[in-house]
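Please treat every number below as a calculation from the coordinates, not as lab data. Just so it is clear, the structure is predicted and the values come from calculations on it, not from any experiment. Glycine gets a Cβ as well: all are built from the backbone with ideal geometry, and neighbour counts include every protein chain shown.
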Amino acid sequence: MFTRTELKPDTTPANRSLWLYDVDSGATRALTPAMKNALDGGGSWSPDGKRIAFERASMHVGHSATYRVHIFDTASGHVHVLASGDGSFRAPAWGPGERIAVAATYRNRNCVTIVDAVRRSTRDLYCPPAPAQIQRVAWSADRRSLLVEAGYYAGRLEPTWRALAYRVDVATGAPTVLDDRIMDWPLRLEFSPDGRRGIYADIVPWDLLQVNFSTGESRIVGWGYAPRWSHNGRRIAYTGETYEIEPEFRYYNPLYVVNADGSGARRVTASRTPDHAYMAADWSKDNVHVVATRRTWADVSLTIPRDALRIVNVDNRVVMSLPPGSADAGAWFEP
């Protein structure tokens with residue numbers, strides 16, 4: 001599952017549509033149409049692989065974007081709105097059965113909300129104290145709790161970012177604070193599959209800070225961005241940074257893999273094209289292959305991205321070319 005984006009003349013997105021690529025047959029098909037001022041993305045597979053929950057942002061001039069969660073049926077091609085009403089619903093994460101967790105924003109609160117994919121009923125599971133904003137929701141490996149990334153700016157003269165991480169019991173809605181720290185600016189938190197650790201990373205190369213939620217201990221496990229844990233939690237793929245001076249200056253971002261404890265970091269893509277980046281989206285079930293977005297640029301000012309998909313075998317560094325597009329976490333479904 002991946003997306004394709006068309007840009008306006010000012011290089012802002014004009015539309016974004018959802019696509020599907022079958023690895024076995026090589027077939028590619030559009031799942032949603034390219035509609036003006038509609039941005040589809042953030043897809044999450046149902047456990048049986050027959051449906052996809054995704055968010056659709058409707059852009060309106062002079063107004064904030066409105067987000068709604070939709071369901072796509074891969075057999076019939078039917079699309080319907082899942083969560084609507086007085087609120088904005090984002091970042092769907094499909095859990096067991098028909099339960100989908102979403103980040104809901106209402107006029108006076110932000111909540112982790114559970115939506116039933118069949119009945120389309122909603123239940124606000126946990127609403128963190130204001131002014132915290134929910135950034136991302138993920139299911140724990142045992143599907144009994146939700147891992148929630150949140151945060152807010154604090155202070156007036158020199159605002160800092162207060163990063164919060166919670167574990168929320170799905171049965172009771174009871175929250176447990178996993179992490180609470182002050183940062184100079186917001187960093188994205190990538191939870192480990194078991195929910196016991198997390199990695200804070202920027203959207204550009206920076207220290208990859210791994211935190212043990214049980215002990216509070218932290219360590220730097222690499223320099224880069226876009227970290228992705230393997231399904232067994234033993235390895236981390238991330239986008240690194242490399243410079244070359246001779247014979248000419250080159251700057252590019254290869255794909256790296258490192259052991260979960262920060263040891264054994266090694267580069268797994270060999271491209272030396274200037275301003276070339278490989279960004280990991282998801283791991284295969286065998287914990288050997290990574291589907292990644294390979295980004296190049298159509299202009300010297302680096303404002304018009306050209307994205308294509310690749311599957312990288314991180315053990316032997318063989319790269320398989322896929323169609324143009326961009327993938328994100330949860331893109332790969334394997335029966």
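Which shape class, rounded, prolate or oblate, goes with segment 1-82 when its Cα gyration tensor gives a ≥ b ≥ c as root eigenvalues, a/c under 1.5 marks rounded, and past that a/b bigger than b/c marks prolate?
Here segment 1-82 falls in the oblate category.
Add +1 for every Lys or Arg and -1 for every Asp or Glu among the other residues with Cβ under 12 Å from the Cβ of TRP229, and state the total.
Spelling it out: positives minus negatives among the neighbours equals +2.
Just to be sure I understand: with springs between alpha-carbon atoms less than 10 Å apart, which residue in ARG197, ARG310, ARG107 has the highest mean-square fluctuation in the Gaussian network model of the chain?
ARG107
Which residue, ARG51, ARG156, ARG196, has the most motion in a Gaussian network model of the chain that connects Cα atoms within less than 10 Å?
Result for the chain, Cα springs under 10 Å: ARG156 fluctuates most.
Just to confirm a number: summing +1 for Lys and Arg and -1 for Asp and Glu over residues other than VAL170 whose beta-carbon lies under 11 angstrom from that of VAL170, what do you get?
+3
State the percent of C-alpha pairs, over all pairs in segment 141-205, separated by a distance greater than 14 angstrom.
60
Quick one: 3J(HN,Hα) in Hz for segment 218-235, Karplus 6.51/-1.76/1.60 with θ = phi - 60°, rounded, Gly and Pro as x.
9, 8, 7, 10, x, 10, x, 7, 6, x, 9, 6, 5, 4, 8, x, 8, 9
Among ALA34, ALA163, ALA270, which one shows the biggest mean-square fluctuation in a GNM of the chain, springs joining Cα atoms closer than 10 Å?
Sorting by GNM fluctuation, first place goes to ALA270.
Ratio of segment 30-170's C-alpha Rg to 2.2 N^0.38 Å, to two decimals?
1.09
Whole-Hz Karplus ³J(HN,Hα) for segment 251-263, in order, using 6.51 cos²θ - 1.76 cosθ + 1.60 and θ = phi - 60°, x for Gly and Pro?
Per-residue couplings from phi come out as 9, 8, 10, x, 8, 10, 10, 9, 5, 4, 8, x, 8 Hz.
So how do 19-30, 182-193 stack up, highest first, on mean other-Cβ count within 10 Å?
182-193, 19-30
Name the shape class, rounded, prolate or oblate, that the alpha-carbon gyration tensor gives for segment 127-272, where a ≥ b ≥ c are the square roots of its eigenvalues, rounded holds for a/c under 1.5, and otherwise prolate holds if a/b is larger than b/c and oblate otherwise.
Oblate shape, in that a/c is at least 1.5 and b/c is the bigger or equal ratio.
First select every other residue whose beta carbon is under 11 angstrom from the beta carbon of VAL137; then total the charges, Lys and Arg +1, Asp and Glu -1.
Net local charge, VAL137 excluded: +1.
Per 10 Å bin, what percent of the C-alpha pairs of segment 225-335 does each bin hold, from zero upward?
Cα pair-distance distribution for segment 225-335, in percent: 15, 48, 29, 8, 0.
Please report the spacing between the Cα centers of segment 108-187 and segment 11-63 in Å, no decimals.
With segment 108-187 and segment 11-63 each reduced to a Cα centre, they are spaced 25 Å.
In whole Hz, with x marking every Gly and Pro, tabulate ³J(HN,Hα) for segment 304-320 from phi via Karplus 6.51 cos²θ - 1.76 cosθ + 1.60, θ = phi - 60°.
So the J values, rounded to whole Hz, are 10, x, 10, 9, 9, 9, 9, 10, 10, 7, 6, 8, 10, 6, 6, 10, 10.
Please identify every one of the chymotrypsin sites (Phe, Trp or Tyr not before Pro) in segment 241-324 that sits in a loop by DSSP and has no more than 14 other beta carbons within 10 Å of its own beta carbon.
PHE249
Please go through segment 220-298 and write out the GluC sites (Glu not before Pro) that DSSP classes as loop and that have at most 14 other C-beta atoms within 10 Å.
Answer by residue number: GLU248.
With a cap of 16 neighbouring Cβ atoms within 10 Å, and only residues DSSP puts in a loop, list the chymotrypsin sites (Phe, Trp or Tyr not before Pro) found in segment 60-129.
Sparse-neighbourhood loop chymotrypsin sites (Phe, Trp or Tyr not before Pro): TYR106.
In straight Cα distance, which lysines are under 20 Å from LYS285, not counting same-chain residues fewer than 8 positions off?
Of all the lysines, those that pass the test against LYS285 - Cα under 20 Å, at least 8 places apart if same chain - are LYS50.
Which shape class, rounded, prolate or oblate, goes with segment 90-173 when its Cα gyration tensor gives a ≥ b ≥ c as root eigenvalues, a/c under 1.5 marks rounded, and past that a/b bigger than b/c marks prolate?
In terms of gyration-tensor shape, prolate.
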